[in-house]
Amino acid sequence: MTVRNLPAAPDASGITRPPARVGATHLATPDAGGLSSGDAAQRLARDGGNVLPSPRPTPLWRRIVTQLRDPLVLVLLAAAVFTLATADFTDASVILLVIVVNTTVGVLQEIKAERAITALSALTAPAARVIRDGRQGEVPAADLVVDDLLVLAEGDVVPADARLVESVALLVDEAALTGESAPVDKAATTDPAASTSNVVSAGTVVVRGRGHAVITATGTASALGRIAAMLVTAPALTPLQRRLAGVGRQLAVGALLLCIVVLALGLFRGQPLQLMIITAISLVVAAVPESLPAVVTLSLALGARRMTARNAVVRRLPAVETLGSVTILATDKTGTLTEGTMVVRQLWTAHGDASVSGSGFGPDGRISRDGNVVSPDQAPDLVELMRAAVLCGDASLRPPGADGDDWLAVGDPTEAALLTAGGKLGIDVDALHQATPREAEAPFDSERKRMSTAHRLPDGRVQIICKGAPESILDPAILNDHPDTLRRTADRADAFAAGGFRVLAVAQAQRDTVPADAAGYEHDLRLLGLVAILDPPRASAATTIAACHDAGIIPVLITGDHPATASAIAADLGVIAPGGEAVDCRTTDPAPAAARGVRVFARATPQQKVVIIDALRGAGEVVAMTGDGVNDGPALHRADIGVAMGRRGTEVARQAADLVLADDELGTVVAAAEEGRRVYANIRRFLLYALSGGAAEITVMLAGPFVGLALPLLPAQILWINLVTHGVPGLAMGSEPADPTAMHRPPRPPAETVLGAGLWQRILRVGAVIAAVTIGVGMWAHATDRPWQTLLFLALGLTQLAVALGSRARPGSRANPMLFAAVGAALLLQLAAIYTPLLRELLGTEPVAVTDLLIVAAVAALGYAAIRLDRRIHQSPRPYPNKPGHAVEEVPAR
């Protein structure tokens, strides 16, 4: 027995499908087989790619000017001008060196981050289906050319302007182009008066139906391209970058006030005005890490690249930051928690149940009743049920190719499963379509939850078939069966659903003519039976749900399936406990239920999905939403993080999402959340390191004069330490691995500032230790008549480097060898400042004895001990945010 495709002969795309019928519009095309590959390549080389205008590359000089316009760098430039005017060439040289190095590092980071983002954009470039060389295939949308034969289906974003040559119930949303909220019917026509009804434009969305169209304009010549040419704008800062810029301004103001105090104290003690002004300006730069925005951008871009390596493609850079604070993971069921490979397992008619064996979409398997295999002539009720189910559908099956792949579904997997089951009953699908061609249809939509078709019978009459969710079919307004039959059927459908099956009801009737409109299809029908389809849970789904719970991320199931089916799957995977509450969105307002913590929502419409997302966000949650269909687009857009499926998702879903899963695995979202937490933790690690060093420098300058150290550090020495310690080691911290406990604690509260969760206190504590070590070394050296300023300069730099080593996420491991190399390089530079004649002259240092150097190095190790001890004492209890009833746990310091 063989299951054949629809129809007997493949069309130009190489995929079999239902034949053309009355009600579909079809025009002659320039070439039904499409362009040849060679012709397409020539046109692409001649006309260019189908791409919209992009911002011009930023010239190098503009990047440099942008770096120099930073207020803190302007302060340094003013200091350099002032020192040059007073012939203080030594300090001026160091200040200019700091400006050059900071500007160079900032420009390089900006270029690297931009390249990383560009590479990510290439990974998410849309694809399109075209017919070339007589076969349908998928090509990058950028490779489309004029006269390509485009294949359109529900959920596609139209990639170029085109003229329809074939259409079936085609409805297009043109809101992105025209602003009109209502979708527009499109049909292939040669009527000159219908100037736009046979035209589809780039950027619009196919809401329903399907069609073929010949491309007429691509890229900047398309309607969307002409608009986009006027809308090219520079990329905006991420929310985290904006918050950090605010923190920087606050730190600058605070540092400025402190520096005024230092200036006043210096003048009071008789220090030269020029020296104290430059010292104050240097302290501002030392206290605030002016390269922080560039470091953050690079960290986010590198985090996005790491996510891509784990099959999570980031479409919008701020998503990297937001992923670290996700508290709710809202997911659909089919294909996400389940395999998405539908298999018919049970059939039911008024004559009883039947079981279906086999797996996948292949033809192997049998139909059994009471343990006995039945043939078609032994079960005419089952044959009638499956003949109707096969006719009322648009899917087809693709047999294994030369590479030995499995049978594949082309179209809706549920309809493909019906084809497979029909084949197991001996139904010749091709012959059936030829004998009863489809003349009209009322397509499935998520509101009606059913589909109806009209087929011409050999005797001239019309067969009406309706299939859909049981609750949408088992209605006296649709069926003329006895109420007892409807009640008994509903009970059997509920029993199937409780077992985790997806259930379809099928009904039919005969008419003399095709109804004038869709409403005429669906009344006075006769029930044929039920089809129970199983979509088994993914092997990894239970593990993923458990990982979500462990990380404090609450999984929420939102599906259009029956409540019993949703509950069964949710309980099986651990989303809810057995017997847990599942809300039927047909009868219950989902918003209050979402606010009170319900985790399973069944029979949810696209509008209700948005309502649920809004209710969760209104309760203070950070929501990640997964989806793959056109109807998921609004919810994906509304969620804090929209997650689309890369393989089976529609283009609408991918364009609405912030994150695309290349492998369609829900576990990839958890992996991406771990990367988000890693990025955020590394930014906080850099802040702790840089700001504690800056706080220590200010403390040393303030406290030094009170303990007999008239001017603890020269301006050039402060700038050198800032350059050495906050440069390469600070950047290397962005590559620190995730903390082993990162996914075993709750997400950070959404309202928490970047310096929250005790980071301010940690900065002050660690800064106090660095300052104490530095002042202690200076006092000891001063008392023993050693070169105290040089030893103090050495102690301040080495202690900060020790803090850098102690800040590692995984101490004792070989993770992030770049940090070791960076600290080693910084250590060599600090020693060069003491033992190299040129640097000694610039910085005003003196060579020190090896024994003194070893003593200072030993004391500086207190910086390492301090940061490690601080990590241990900074374990504060933190409840899961907005989760009443969760136990409070100890949260390791980040």
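Computed from the coordinates by the stated procedures, all read-outs in this text should not be read as laboratory data. Just so it is clear, the model here is predicted, and its values are computed rather than measured. Ideal geometry is used to build each Cβ from the backbone, glycine not excepted, and the neighbour counts take in all protein chains shown.
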Please express the shape of the stretch 346-532 as an equivalent ellipsoid: the semi-axes are the square roots of 5 times the eigenvalues of the C-alpha gyration tensor, given largest first in whole angstrom. 25, 21, 16
Per q in 0.21 Å⁻¹, report the Debye log10 I(q)/I(0) for the stretch 728-879, using one uniform scatterer on each alpha carbon and no solvent. -1.37
Check the straight Cα-Cα distances from Lys424 and name the aspartates and glutamates below 15 Å, setting aside those fewer than 8 residues away within the same chain. Asp364, Asp377, Asp381, Glu384, Glu415
With no solvent and one equal point scatterer per Cα, compute the Debye intensity ratio I(q)/I(0) for the stretch 494-574 at 0.24 Å⁻¹ and report its log10, rounded to two decimals. -1.11
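How big is the convex hull of the Cα atoms of the stretch 783-843, per residue, in Å³? Please report the intermediate quantities before stating the final value.
Numbers: hull volume 5.9 nm³, N = 61.
That works out to 97 Å³ per residue.
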Residue list for the stretch 732-774, given a label point 7 angstrom along the Cα-to-Cβ vector of Ala821 and an amide N cut-off under 15 Å: 732-736
Two decimals, Cα atoms only, Kirkwood Rh: what is Rg/Rh over the stretch 319-379? 1.32
Nitroxide proxy distance, nm - points 7 Å out along Cα→Cβ at Leu838 and Arg366: 8.9 nm
Could you work out how far apart the two model spin labels at Asp430 and Leu831 are, taking each label as a point 7 Å from the Cα in the direction of the beta carbon, and quote it in nm? 8.1 nm
Label model pair Arg647, Leu711: point-to-point distance (7 angstrom along the Cα→beta-carbon line) in nm is 6.9 nm
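Would you mind giving the three semi-axes, in whole Å and largest first, of the ellipsoid equivalent to the stretch 621-709 according to its Cα gyration tensor? If you can, show how the numbers build up before the last one.
Values: eigenvalues 466, 30, 13 Å².
Taking √(5λ) for each eigenvalue gives 48, 12, 8 Å, largest first.
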Considering all projection directions equally, how large on average is the shadow of the alpha-carbon convex hull of the stretch 706-764, in square nanometres? 7.0 nm²
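I need the calculated FRET efficiency for the pair Ser359 and Asp614, taking r as the beta carbon distance and R₀ as 41 Å, to the nearest 0.05.
Working: r = 40 Å, r/R0 = 0.98.
Given R0 = 41 Å and the Cβ-Cβ separation, E is 0.55.
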